[in-house]
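Note sheet for the following structure.
The values are calculated or read from the model by the stated rules, or taken from the named source; none is laboratory data. The structure presented is a predicted model; accordingly, all values stated were derived computationally and were not measured. Glycine also receives a Cβ, built like all others from the backbone with ideal geometry; neighbour counts cover every protein chain displayed. Protein only, heavy atoms only, side chains kept; ligands, DNA and RNA dropped before computing areas. Shrake-Rupley method; radii C 1.70, N 1.55, O 1.52, S 1.80 Å.
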Amino acid sequence: MSEQISPQISGYELLRVSIDWHGQVVLSWTADEANITTSIFKESFKQFYNYYERLDGTNFIELRRLEDTFEKLCVQAQKTEEKSEFIEFFSVYMGALTNILQPTENLSEMNSYGEGYEGLKVDFQQEMERLSRDGKEFCICLVGACDKKQESRKAICDLASAELRGFDRVFQLDANQIAISLKQTDKNGASRFLKRTQNKLFGDSGIKFNAVISQPVAGELLSSILTNLKKDLVELQANVSGDIVILQELSPLERHLKEIGSQ
């Protein structure tokens with residue numbers, strides 16, 4: 001009987017640790033601050049690496065590639081005067097980590113841990129950094145199939161992924177909510193993309209979806225954006241017309257009054 005190997009940290013726990021570490025490094029002002037948080041991250045990575053190195057079926061080429069990427073990323077983390085290279089390299093690291101996880105851990109576990117949200121969180125942090133540094137606009141779109149069927153959700157994901165540019169991303173948040181991150185695009189460009197996708201999808205399969213678009217501004221939190229997107233999408237999902245709307249910029253008081261008026 002083979003030895004049962006128990007991980008000290010699972011792959012999806014390492015994903016969450018990595019995302020938290022990324023945020024701490026981006027916000028750090030000195031090399032000492034970055035060193036403290038990086039030393040904790042290194043210990044988590046070591047536990048994960050030692051566990052996966054002993055698993056049957058592990059792709060050792062990918063594992064070594066991940067280790068090499070991890071070491072280079074830690075070097076980039078020390079360069080506190082310039083964060084852009086660290087942010088770009090973090091995407092490479094997350095891709096290498098995901099390649100290791102997909103063959104060895106159950107994808108349903110990935111979904112149960114909210115990998116879609118965690119991936120969106122990393123993407124959002126990167127785009128907010130570009131927005132603050134370079135003024136590059138981006139949009140977050142929340143999409144839901146009108147019939148709320150799994151096959152319709154999959155068709156939307158497949159078509160959106162095929163139509164997107166290489167640097168745009170699709171994230172599955174829950175059973176019927178898909179987030180699309182459109183880079184270097186304002187809300188009008190996002191609306192045009194969704195309308196093209198809607199027309200093609202309906203023409204090919206008769207499937208309709210509702211969508212809400214947000215164009216984040218500096219200082220906005222992802223949690224607040226998603227809360228408001230979800231509220232507006234729920235309202236749209238009450239019909240099957242396949243509406244695409246731009247999120248109304250409302251103050252908390254205006255949004256509260258709107259909610260009262262709809263009750």
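Tabulated data
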{"read-out": "Count of residues meeting criterion [part of a loop (DSSP other than H, G, I, E, B), in contact with a helix residue (DSSP H, G or I) (Cβ under 9 Å, 6 or more places away or on another chain) and more than 11 Å from Ile156 (Cβ to Cβ)] in segment 167-211", "value": "4"}
{"read-out": "Condition check for Gln126: in a helix (DSSP H, G or I), under 25 Å from Val17 (Cβ atoms) and within 17 Å of the chain's Cα centre (by Cα)", "value": "yes"}
{"read-out": "Inter-residue pairs, beta-carbon under 6 Å, first open to solvent by less than 50 Å² (accessible area, probe 1.4 Å) and in segment 163-187, second assigned to a loop (DSSP other than H, G, I, E, B), 6+ apart", "value": "Asn176/Lys148; Leu182/Asp168; Lys183/Phe167; Lys183/Asp168"}
{"read-out": "Residue that is at pLDDT below 90 and closer than 19 Å to Ile246 by Cβ, where the choices are Leu182, Leu131", "value": "Leu131"}
{"read-out": "Residue in segment 109-116 that is open to solvent by 80 Å² or more (accessible area, probe 1.4 Å), on the phi < 0 side of the Ramachandran plot and modelled with pLDDT of 80 or more present", "value": "no"}
{"read-out": "Hits in segment 19-30 - residues which are in contact with a Ser or Thr (Cβ under 8 Å, 6 or more places away or on another chain) and buried (at least 18 other Cβ atoms within 10 Å of the Cβ)", "value": "Trp21, Val25, Ser28"}
{"read-out": "First in segment 31-54 and open to solvent by 70 Å² or more (accessible area, probe 1.4 Å), second anywhere and not aromatic (Phe, Trp, Tyr), Cβ under 6 Å, 6 or more apart", "value": "Arg54/Ile5"}
{"read-out": "Residue tally, condition closer than 24 Å to Phe124 by Cα and small (Gly, Ala, Ser), over segment 194-246", "value": "6"}
{"read-out": "Some residue of segment 206-215 being open to solvent by 60 Å² or more (accessible area, probe 1.4 Å) and at positive phi", "value": "no"}
{"read-out": "Filter pass, Ser28 being among the hydroxyl-bearing types (Ser, Thr, Tyr) and at pLDDT 80 or above", "value": "no"}
